[in-house]
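The values are calculated or read from the model by the stated rules, or taken from the named source; none is laboratory data. Because the structure is predicted, anything quoted here is derived from the model rather than measured. Neighbour counts are summed over all protein chains in view; Cβ atoms, including those assigned to glycine, are modelled from backbone coordinates with ideal geometry.
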Amino acid sequence: MCKHNVSFYFIYRCMVQKINKQQIPVGILDHEMMSIVVMRTEKQASVDYLVKALYRYATRKEYITFFHQTGNHWVLVVIIPKWNKVLYLDSLRSQLHDNNLILQCHQQPPGNSCGFYAIHHLRIVMKKTNLEKSEDLDLPTNHVDQSVLSSIRTELAAFLLTQVIDEKGEFYYPRRGC
């Protein structure tokens, strides 16, 4: 796992844990398997993983989501089986190009906050379950307030402290030779 993806791995695990704990009807896929690098170098493995996830989640979850790294940018992809839709939430795309694919969402200012925007978009999607029609899944398009981004950082820090650093944490790994 590349160094850039290590921190996103913990964000991913934090979101999976939250979804499972709160029994939110959202499936979240491993972002490593859905990265552009894996899709290009291990195409069949990526396809097999997605097909398996679709079979597993299609009737049990309202949304199947994954963070996708396009190279140096994170987006959120949301698959909605009951409406046969795939939404691509990109905080750098300012215009809606295709109603069936790209949903307008919060747009980030210049910088490297795309990962936090992708997480924020997932948090919104997690709250918008049990909708009657796809048009009800709408997202604001303005910049995210700094307090919201700060709350994501705080949530990640709490997860790291309790689940990674703490010896009783689910993802604790004792370091040897340090």
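Which residues, taken from region 18-38, are touching a His at 6+ places or on another chain (Cβ under 9 Å) and either part of a helix (DSSP H, G or I) or among the aliphatic types (A, V, I, L, M) (or both)? Selection gives Met34, Ile36.
One line per residue, one yes/no per condition, for (1) modelled with pLDDT of 85 or more; (2) hydrophobic (A, V, I, L, M, F, W, C); (3) in a loop (DSSP other than H, G, I, E, B):
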| site | (1), (2), (3) |
| --- | --- |
| His97 | no, no, yes |
| Pro109 | no, no, yes |
| Tyr117 | no, no, no |
| Glu135 | no, no, no |
| Ala157 | no, yes, no |
| Thr162 | no, no, no |
| Pro174 | no, no, yes |
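May I ask you to list pairs of residues, at least six apart or on different chains, whose Cβ atoms are under 9 Å apart, with the first in region 81-100 being among the hydroxyl-bearing types (Ser, Thr, Tyr) and the second being at pLDDT below 50? Once the first residue is among the hydroxyl-bearing types (Ser, Thr, Tyr) and sits in region 81-100, its partners that are at pLDDT below 50 give Tyr88/Asp98.
Taking the options Ile11, Ile80, name whichever one is modelled with pLDDT under 85 and either within 26 Å of Ser134 (Cβ to Cβ) or under 14 Å from the mean Cα position of the chain (by Cα) (or both). After ruling out the rest, the residue left standing is Ile11. Can you confirm whether region 151-167 contains a residue that is in contact (Cβ under 8 Å) with a residue 60 or more places away in the chain, exposed (fewer than 13 other Cβ atoms within 10 Å of the Cβ) and either hydroxyl-bearing (Ser, Thr, Tyr) or over 19 Å from Lys82 (Cβ atoms) (or both)? No; the residues of region 151-167 include none that is in contact (Cβ under 8 Å) with a residue 60 or more places away in the chain, exposed (fewer than 13 other Cβ atoms within 10 Å of the Cβ) and either hydroxyl-bearing (Ser, Thr, Tyr) or over 19 Å from Lys82 (Cβ atoms) (or both).
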